[in-house]
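The values are calculated or read from the model by the stated rules, or taken from the named source; none is laboratory data. The model shown is predicted, which means the values in this text are computed figures rather than measured ones. Reconstructed Cβ throughout: ideal geometry from the backbone, glycine too, with neighbour counts over all protein chains shown.
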Amino acid sequence: MGVFDLFSKRQKRARGEVPDVYVYNGLPQPLRVQIVHIIRDAFGEDGYSTAHAREAYEFVNKALCRELGVFQLIEHPKSDQHSVFNYFLQEKSTERALDVVELCFKFIQLVIPENWSYVNNTRRSIEPAAAVAELNERFKEHGVGYQFESGEIIRVDSQLLHAEAVKPALAILRDKNFKGANEEFLKAHEHFRHGRYKECLVDALKSFESVMKTICKLRGWPTQPADTAKNLITTCMGNGLFPAYFDSQFSSIRSLLESGVPTVRNKNGGHGQGASPVAVPEYLARYTLNLTATTILFMVEAHQTKK
């Protein structure tokens, strides 16, 4: 059905009553209801002769019960659809509520296009891509700092940075050659969303290193399994990954890459922490994620444009 720019929305914008910063703790009830509408439109109604919809709700219900370690999501559910939606509408934990969103939209994006025949008795009224687009628009509309990208819910801190760096990096990493780097980058985002900031730094660097290893492999540049980020950067630079007119800036580029993601990770999350635990602050993990996205984008685009 899509998003309508209603009169009341326009009036709120005119009065300046729209969120100017993102919030992360809490999903407004109107947003939850809108998400239920999207899922229901994408799955179809769980009723007589709608086998696909029943299978979808049953899958989500069983998966959530298993992962949460419970036998049922709510008391006395009337159906799997009733169980999933009411649990989502009532769940106080933002993270657990987002678990429902992520699982449902992962199903919508990955399972429906491959396995569902588009027949009338599915009672579906929205295509998977449109469902994902509306979900992300609803998040923005309510000022909630999350987006569904590459099959996962990721946190958004700056819409401009997300649009110009994180999203393009995720798009590039969907290439099958960068599958390992993609998994590590998404895992870093997942750690960040759950407040595991040390783990976020570790997987951010892993993703950066995997990108360089992949580029070297695709170009036939020899590397060693134990090569560190510094060694991989040297290999990429030494083999002319960047245009010749960068030669005069060689030392500056090397310094920028070497002092970015690897240094942040090594000083805060990559080695033994000693007698006193090292607390990685949220802002540092956020900086590292954004820096990783920008650096990955820079290096892969250099690889793609090099003859």
Residues in the range 64-109 that are surrounded by fewer than 18 Cβ atoms within 10 Å (Cβ to Cβ) and touching a Lys or Arg at 6+ places or on another chain (Cβ under 7 Å): how many?
1
Got a number for residues in the range 184-229 being farther than 19 Å from His303 by Cβ and of a type outside the set (A, V, I, L, M)?
17
Matching residues in the range 86-112 (assigned to a helix (DSSP H, G or I) and either over 13 Å from the mean Cα position of the chain (by Cα) or free of Cβ contacts under 8 Å to residues at least 24 places away in the same chain (or both)) number 16
Answer with yes or no whether Phe298 is modelled with pLDDT of 85 or more and either in a helix (DSSP H, G or I) or surrounded by 14 or more Cβ atoms within 10 Å (Cβ to Cβ) (or both).
yes
Assigned to a helix (DSSP H, G or I), more than 17 Å from Ile154 (Cβ to Cβ), modelled with pLDDT of 85 or more and of a type in the set (D, E, K, R): is that true of Glu209 in this structure?
yes
Identify, please: which residue in the range 41-51 is surrounded by fewer than 20 Cβ atoms within 10 Å (Cβ to Cβ) and in a helix (DSSP H, G or I) and is, among those, modelled with the lowest pLDDT?
Ala51
Is it true that Phe148 is assigned by TED's automatic domain parsing to the domain that holds Ala42, crowded, with 20+ Cβ neighbours inside 10 Å, not in a helix (DSSP H, G or I) and not charged (D, E, K, R)?
yes
Tell me which of these Gly274 doesn't satisfy, since it passes every other one: (1) at positive phi; (2) modelled with pLDDT of 80 or more.
(2)
Please state which of the following conditions Ala129 fails to meet, knowing it meets all the rest: (1) in a helix (DSSP H, G or I); (2) surrounded by 15 or more Cβ atoms within 10 Å (Cβ to Cβ); (3) modelled with pLDDT under 95.
(2)
